[in-house]
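K.L.:
Submitted below is the structure of interest, expressed as structure tokens.
Here, each number is a calculation from the coordinates, and none is a lab measurement. All of these numbers come straight from a predicted model, not from anything done at the bench. Glycine also receives a Cβ, built like all others from the backbone with ideal geometry; neighbour counts cover every protein chain displayed.
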Amino acid sequence: MADKVLSKARITFIDSVTEPVIKQLLDDLLEDQVLNDEETESVMEENSTKTKQARCLIDMVRKKGRKASEKMIARVQERDPGLYDKLGLDPRQPAKMTPSSPQLSQQEVRQVSSVLIPSTSDFKEGILQRKGCEIYPPMDKSGRKRLALLINNVEFDDESMLRRGAVKDEENIERLLRDLGYDVEMDEAVKAFSKREEHLLSDSVFVVMMSHGELGAIMGVHYKEVDPKPDVFPITNIFTHLNTDNCKALVNKPKVILIQACRGGNNGFVWVSDAVAGPSHDLELESDSIKREHNEKDFISLLSCTPDTKSYRDPKMGTFFIQHIMETFNTYACDDHIEELFRKVMVRFEDLKMGKGRQMPTKDRATLTKHFYLFPGL
């Protein structure tokens with residue numbers, strides 16, 4: 001149904017249509033008797049910005065049903081073929097798949113960007129208006145102080161553990177975090193990082209750890225398997241140091257954890273064929289001076305592989321995990337929230353032809369209660 005097709009394209013239309021095209025569409029739809037004089041005038045006169053005009057126009061038409069929506073789709077194709085293609089508006093054609101992105105719809109598929117694409121002010125304004133209570137509130141860039149902790153173990157006391165290509169990972173992820181507006185600190189203890197006063201002026205935080213690993217832990221540079229107390233850092237310590245009890249400055253703010261490390265020695269793939277609440281009395285407690293918060297809340301982590309499996313690294317280009325994070329965030333962070341970005345990273349690992357089907361990233365301990373948009377550049 002054309003009205004459903006139009007509904008699916010709504011957000012992209014609002015963000016992408018230009019003001020001249022809006023005016024042309026209003027004239028066209030008036031001529032087609034989809035809109036009357038009063039309706040066309042209200043779109044322009046009662047909405048002060050292009051975003052509001054676009055939202056009003058598409059909502060007005062799609063609510064009129066299939067025939068009205070079909071006429072608008074035809075007019076968009078006539079007036080702006082590029083926009084028509086971007087929106088995937090043809091109601092007769094299913095969304096196309098590409099071999100490299102088997103689960104991305106036609107609207108999602110873009111040419112991979114090597115630099116971070118900034119969000120537009122209109123997009124940010126639209127998201128805040130439509131989903132204000134459903135997203136983590138972004139702080140104004142002028143008074144914001146975002147911090148990110150980056151730990152990358154490359155050389156180890158045991159020379160055989162050298163992580164060739166890991167320096168490339170560090171360069172890539174540091175550039176991405178700085179482009180996203182985070183001041184990057186390296187080789188700081190997580191506990192000390194959690195005490196930084198700058199978190200009071202931040203709306204979010206990133207922690208990135210890259211090393212060798214085992215299930216539940218990251219290996220330090222002094223790690224030796226024969227040691228009675230090997231140099232390992234339990235991953236759960238990240239959540240402990242940044243939780244509500246230990247880091248008050250980050251309460252109700254998203255905390256994003258990225259971990260590139262093996263979690264065991266198994267392969268992460270198989271060959272297949274087509275044949276195959278607390279106690280009730282708690283609710284009665286009242287207090288005028290304090291309020292309860294969940295101790296571990298507003299976290300989301302993406303680990304480079306599933307439990308007990310290996311994570312792979314190219315000796316020159318770095319890990320597949322960091323490569324795909326870079327590609328995905330550069331291309332889609334301008335208009336996707338963090339959980340959708342993580343999903344797109346995971347989808348990229350389904351490209352078996354590129355040899356990347358041997359591992360699968362995993363979301364863990366996800367306790368975000370709202371959508372977290374990075375709004376790069378803003």
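K.L.:
In straight Cα distance, which lysines are under 25 Å from K23, not counting same-chain residues fewer than 8 positions off?
P.N.:
Straight-line reach from K23, under 25 Å: K4, K8, K50, K52, K63, K64, K67, K71, K86, K124.
K.L.:
Sticking with this one: Applying the Karplus parametrisation 6.51 cos²θ - 1.76 cosθ + 1.60 with θ = phi - 60° to the phi angles of the stretch 198-212, what ³J(HN,Hα) value in whole Hz is obtained for each residue in order, glycine and proline being reported as x?
P.N.:
4, 4, 4, 9, 10, 9, 5, 8, 10, 10, 10, 10, 9, 5, 6
K.L.:
Sorting C133, C247 on the 10 Å Cβ count, fewest up front, what's the list?
P.N.:
Exposure proxy ranking, most exposed first: C133, C247.
K.L.:
Just to confirm the filter: which trypsin sites (Lys or Arg not before Pro) across the stretch 11-86 are DSSP coil and have at most 13 other Cβ within 10 angstrom of their Cβ?
P.N.:
Loop-located and lightly packed - K63.
K.L.:
Could I ask something else about it? Which of rounded, prolate or oblate describes the stretch 2-87 when judged by the alpha-carbon gyration tensor and an a/c cut-off of 1.5? Walk me through the numbers before you get to the answer.
P.N.:
On the way: a/c = 1.37, a/b = 1.12, b/c = 1.22.
Since a/c stays below 1.5, the shape of the stretch 2-87 is classed as rounded.
K.L.:
Would you order L25, L83 from fewest to most other beta-carbon atoms within 10 Å of each residue's own beta-carbon? Mind showing how you got there, number by number?
P.N.:
Details: L25 25, L83 18.
The order, fewest Cβ neighbours first, is L83, L25.
K.L.:
Tell me, what ³J(HN,Hα) does each residue in the stretch 324-339 have, in order and in whole Hz, if you take phi through Karplus 6.51 cos²θ - 1.76 cosθ + 1.60 with θ = phi - 60° and put x for Gly and Pro?
P.N.:
Result, rounded to whole Hz: 6, 5, 4, 4, 6, 5, 4, 8, 10, 5, 5, 9, 10, 7, 5, 5.
K.L.:
Any idea how far apart K63 and Q111 come out in nm if each label point goes 7 Å out from Cα toward Cβ?
P.N.:
Output for this residue pair reads 3.9 nm.
K.L.:
Give the calculated FRET efficiency between K224 and D364 to the nearest 0.05, with a Förster radius of 30 Å applied to their Cβ-Cβ distance. Mind dumping the intermediate values first?
P.N.:
Numbers: r = 27 Å, r/R0 = 0.91.
For K224 and D364, the calculated efficiency is 0.65.
K.L.:
Say each of L215 and E171 gets a label point 7 Å from the Cα, pointing the same way as Cα to Cβ; how far apart are those two points in nm?
P.N.:
For L215 paired with E171, the spin-label model returns 3.7 nm.
K.L.:
Something else now. Fewest to most neighbouring Cβ within 10 Å: what's the order for V208, V251, V190? Can you show the working numbers first?
P.N.:
On the way: V208 25, V251 14, V190 17.
If I rank by nearby Cβ atoms, fewest first, I get V251, V190, V208.
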